[in-house]
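Below is one structure, written out as structure tokens, with a few remarks after it.
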């Protein structure tokens, strides 16, 4: 007997707890009650889709209404894709494709210009038009590592305080820095709550402390300690969740504080690939840096998304775009941009300069992946000599895109 066809639709508020349970089950996790409660508060039922086998919810995906900083243009609305999963016993039946198609068409109808996500597996989302737009760097710096003599750690004192004391300052400083850092998200009260949530069972299993808060007049660090009591001396590690400074001096002061914590051996931090810590160190090899995929971006509507960001150089280029999942994007488009000025995107019958797919367009949107890279990788075809170099220069940003929080 053949399986019944799956049906995809948006969920009601009453169905959200079942949705969360299904997604956690898809990721082979047992959610703690506090994690479920935090997710329920964060999710928007009308932007959450479920896949049903009859009356049974077997998969789902949600879109969080966020604001992401774009190159040179500050924060703009983004559909932050999260909680995408299909129950283990209902895979390979097309549920994921149905969910992605429902999301994209919903986004097109609601006015979302672009979407972003973190991928649990890198080969999943390319077929739905998501491109690798930024990377994450994982730094490991040994305790006591020296800084260059030119590094100023300021006169501001770093103090450890409790969460309630730290939160007002963190809210204030994050709201100052985030609008200038490509890929960063604006944080609401609810998203701060999820960002700082703690699972007691996981902490015990990993022998981790709760979050600790170190504040500076112009910055803060959120970290925890992974305990490792050894026979001769402690080998604890500092795991930094976020280190933020509104000035280079404050940033250096917070790193210096973490690097000088007694009983520890290493500071580990997740940051942008162009984080200044490498160049702050007296010995640039005095760290271990591993790089993995970060943000994946999907352009929902080309003519609305591309003008949102600023461009670093003038550009007049015609793009031939293939997009099977969002057919309204397919065709030939002319992008005209001024350096740090307005940009326009219009349909055209002109000969194309570059030929690419939706996946490649998403990859270059934040400036973390260049057009030239994708030409060399044979992912973009340069039809007019010189057009790839011009587009690479224009799409470049001041910072490598990075999002400190996984959503």
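The values are calculated or read from the model by the stated rules, or taken from the named source; none is laboratory data. Quantities reported herein were computed from a predicted structural model and do not represent experimental measurements. Positions of Cβ are backbone-derived with ideal geometry, glycine not excepted, and every protein chain shown enters the neighbour counts.
Structural remarks
- Within the stretch 113-124, being under 25 Å from residue 292 (Cβ atoms), touching a residue at least 60 places away in the same chain (Cβ under 8 Å) and either touching a helix residue (DSSP H, G or I) at 6+ places or on another chain (Cβ under 8 Å) or surrounded by fewer than 23 Cβ atoms within 10 Å (Cβ to Cβ) (or both) holds for 114, 115, 117, 118, 119, 120, 122.
- Within the stretch 245-265, the residues that satisfy the criterion of being over 21 Å from residue 399 (Cα atoms) and either touching a helix residue (DSSP H, G or I) at 6+ places or on another chain (Cβ under 9 Å) or surrounded by fewer than 20 Cβ atoms within 10 Å (Cβ to Cβ) (or both) are 256, 260, 261, 262, 263, 264, 265.
- Count of the stretch 182-209 residues which are in a loop (DSSP other than H, G, I, E, B) and under 26 Å from the mean Cα position of the chain (by Cα): 11
- Condition met for residue 293 (surrounded by fewer than 20 Cβ atoms within 10 Å (Cβ to Cβ) and either more than 26 Å from residue 160 (Cα to Cα) or in contact with a strand residue (DSSP E or B) (Cβ under 7 Å, 6 or more places away or on another chain) (or both)): yes
- Condition check for residue 315 on (1) over 27 Å from residue 273 (Cα atoms); (2) buried (at least 17 other Cβ atoms within 10 Å of the Cβ); (3) more than 25 Å from the chain's Cα centre (by Cα): one failure, at (1).
- Residues of the stretch 55-91 satisfying the condition of being part of a loop (DSSP other than H, G, I, E, B) and farther than 13 Å from residue 9 by Cβ: 71, 72, 73, 87, 91
- You will find that of 396, 388, 339, 350, the residue that is touching a strand residue (DSSP E or B) at 6+ places or on another chain (Cβ under 8 Å) and within 22 Å of residue 296 (Cα to Cα) is 388 and no other.
- Odd one out for residue 48 among (1) touching a helix residue (DSSP H, G or I) at 6+ places or on another chain (Cβ under 8 Å); (2) surrounded by fewer than 23 Cβ atoms within 10 Å (Cβ to Cβ): (2)
- Evaluating residue 157 against the criteria (1) touching a residue at least 40 places away in the same chain (Cβ under 8 Å); (2) within 27 Å of the chain's Cα centre (by Cα); (3) assigned by TED's automatic domain parsing to the domain that holds residue 250 leaves one unmet condition, (2).
- Every pair of residues 6+ apart whose Cβ atoms lie under 9 Å, when the first sits in the stretch 248-275 and is farther than 22 Å from residue 405 by Cα and not assigned by TED's automatic domain parsing to the domain that holds residue 214 while the second is modelled with pLDDT of 95 or more and surrounded by fewer than 20 Cβ atoms within 10 Å (Cβ to Cβ): none
- Qualifying residue in the stretch 94-112 (condition: surrounded by 14 or more Cβ atoms within 10 Å (Cβ to Cβ), in contact with a helix residue (DSSP H, G or I) (Cβ under 9 Å, 6 or more places away or on another chain) and outside any helix (DSSP H, G or I)): yes
- Elements of type strands (runs of 3 or more DSSP E) in the stretch 325-407, at least 3 residues being surrounded by fewer than 19 Cβ atoms within 10 Å (Cβ to Cβ): 331-337, 343-347
- Residue check, residue 283 closer than 22 Å to residue 178 by Cβ and loosely packed, with under 15 Cβ neighbours inside 10 Å: no
- Test for residue 141: is it closer than 30 Å to residue 366 by Cβ, in a loop (DSSP other than H, G, I, E, B) and in the same structural domain as residue 182 (by TED's automatic domain parsing): no
- Criterion: under 23 Å from residue 198 (Cβ atoms), outside any strand (DSSP E or B) and either touching a strand residue (DSSP E or B) at 6+ places or on another chain (Cβ under 6 Å) or modelled with pLDDT of 95 or more (or both) - qualifying residue of 179, 168: 168
- Selection from the stretch 17-45 of residues that are surrounded by 19 or more Cβ atoms within 10 Å (Cβ to Cβ) and over 24 Å from residue 121 (Cβ atoms): 38
- Selection count where residues are without any contact (Cβ under 8 Å) to a residue 12 or more places away in the chain and within 21 Å of residue 109 (Cβ to Cβ), scope the stretch 39-63: 0
- Scanning the stretch 267-277 for residues that are surrounded by 20 or more Cβ atoms within 10 Å (Cβ to Cβ), assigned to a strand (DSSP E or B) and more than 17 Å from the chain's Cα centre (by Cα) turns up just one, 267.
- The lone exception for residue 65 - which of (1) more than 30 Å from residue 394 (Cβ to Cβ); (2) surrounded by fewer than 16 Cβ atoms within 10 Å (Cβ to Cβ) it fails: (1)
- The set of residues in the stretch 308-324 that are at pLDDT 95 or above and not in a strand (DSSP E or B) comprises 308, 309, 310, 312, 313, 314, 323.
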